[in-house]
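Input: a single structure, listed below in structure tokens.
Every read-out reported here was derived from the displayed coordinates using simple, explicitly stated rules and does not represent laboratory data. These numbers were taken from a predicted model, which means no experiment stands behind them. With ideal geometry, Cβ positions are generated from the backbone for all residues, glycine too; neighbour counts draw on all protein chains shown.
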Amino acid sequence: MVKYPQIPAPVERAEVEAAFYGAVGGVAEVSRRMPRLRGFDGESHLLWLEDMGEGSDLTHLYRTGEFTVEECAELTRYLVELHRVEVTASEALVFQNRAMRALNHEHQYDFPLRAGNGLDLERITPGLAQEAERLQRDRTYCARVAELGRLYLADGTVLVHGDYFPGSWLRGEDGIAVIDPEFCFLGMAEYDLGVFVAHLELMGAGGHGALVREVYGEGVDWRLARAFAGAELMRRLIGVAQLPLAAGLAAKRGWLELSREWVCAA
């Protein structure tokens, strides 16, 4: 299933995803939570992945909030091990993933804060357009988001999943599985952690953020991670990549205020 069929995506993302599965294949804590790569046809851009069985992603968590401490710890440990993966020089070239990063950058750091972008937020939640305009006029906030966007596009040394949210998680008999690493790249651990923390907030599990920090440990800039989380909150609320949130204007206003707090504190 294509999550956002209205947004064209580069065909080379299949090569990047295949490289990801190859790079993590020997890392048990990562690979055991993902489908195995059975094959890849570069000419036709086709991936052959292990069938993970029946089930769906965990986007229902935005409505149910049924996310346990144990599952949060599992997903944090996945990031710990993923961010330790060493890649070869040839893999590093693939993991630049320029086209997918440019696509994500547009929808995460640029489009939502562009005045008159054409997105009908009033149809999504009455009153949300006014909240978006308030952020769009906030020069400090917009400048800081733009800086986060530049950090996102900068090459780094850590292999990140790139889209670490409930749409990329499956719940199975052996715990939670992780899928869809098409946005992966060599960047900053803080990006994955920030996206993760943002979606904990949107799921009503923001209190698990302390657990994420405890399990992941030090060695990262947690203030920067929260800034990335703030940008993710913003784009999910006033951008194209909307979520099935059980929330009205008051809740969304609160999340946008939290976004500003986290983004501007970094």
> Can you tell which of HIS60, HIS161, HIS199 shows the greatest fluctuation in a Gaussian network model of the chain with Cα springs below 10 Å?
Replying inline: HIS60
>> Shape verdict for the stretch 214-266, please, from the Cα gyration tensor: rounded (a/c under 1.5), prolate (a/b greater than b/c) or oblate.
In response: prolate
>> Pairs of alpha-carbon atoms within less than 8 angstrom and 6+ residues apart define the contacts here; what relative contact order does the chain have, in percent?
In response: 25
> Using θ = phi - 60° and the Karplus curve 6.51 cos²θ - 1.76 cosθ + 1.60, what whole-Hz ³J(HN,Hα) does each residue of the stretch 230-242 get, with Gly and Pro shown as x?
Replying inline: x, 5, 5, 4, 4, 5, 6, 9, 10, x, 6, 7, 6
> Between GLY175 and residues 5 or more places away or on another chain, which pairs have amide H atoms under 5 Å apart, with H built 1.01 Å from N, and which residues are they?
Replying inline: none
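Less than 10 Å Cβ to Cβ from GLN130, Lys/Arg counted +1 and Asp/Glu -1: what total charge do the surrounding residues give?
-1
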> In the set (i) 48, 44, 38; (ii) 49, 37, 36; (iii) 53, 37, 34, which value of Cα extents along the principal axes in Å was calculated from the structure you see?
Replying inline: (ii)
>> Net charge around ALA154, counting only other residues with Cβ within less than 13 Å of its Cβ (Lys, Arg = +1; Asp, Glu = -1)?
In response: 0
> Under the classification rounded if a/c is under 1.5, otherwise prolate if a/b is larger than b/c and oblate if not, where does the stretch 110-211 fall, given a ≥ b ≥ c as square roots of the Cα gyration tensor eigenvalues?
Replying inline: oblate
> Within a Cβ distance under 12 Å of LEU75, other residues only, what is the Lys/Arg minus Asp/Glu net charge?
Replying inline: -3
> Taking the Cα centre of the chain as the origin and placing charges on Cβ (Lys, Arg +1; Asp, Glu -1), which of LEU135, THR68, VAL27 is farthest toward the positive end of the dipole?
Replying inline: LEU135
>> Assuming 0.36 nm per residue, please report the length gained on full extension of the stretch ALA99 to GLU218 beyond their Cα-Cα distance.
In response: 39.7 nm
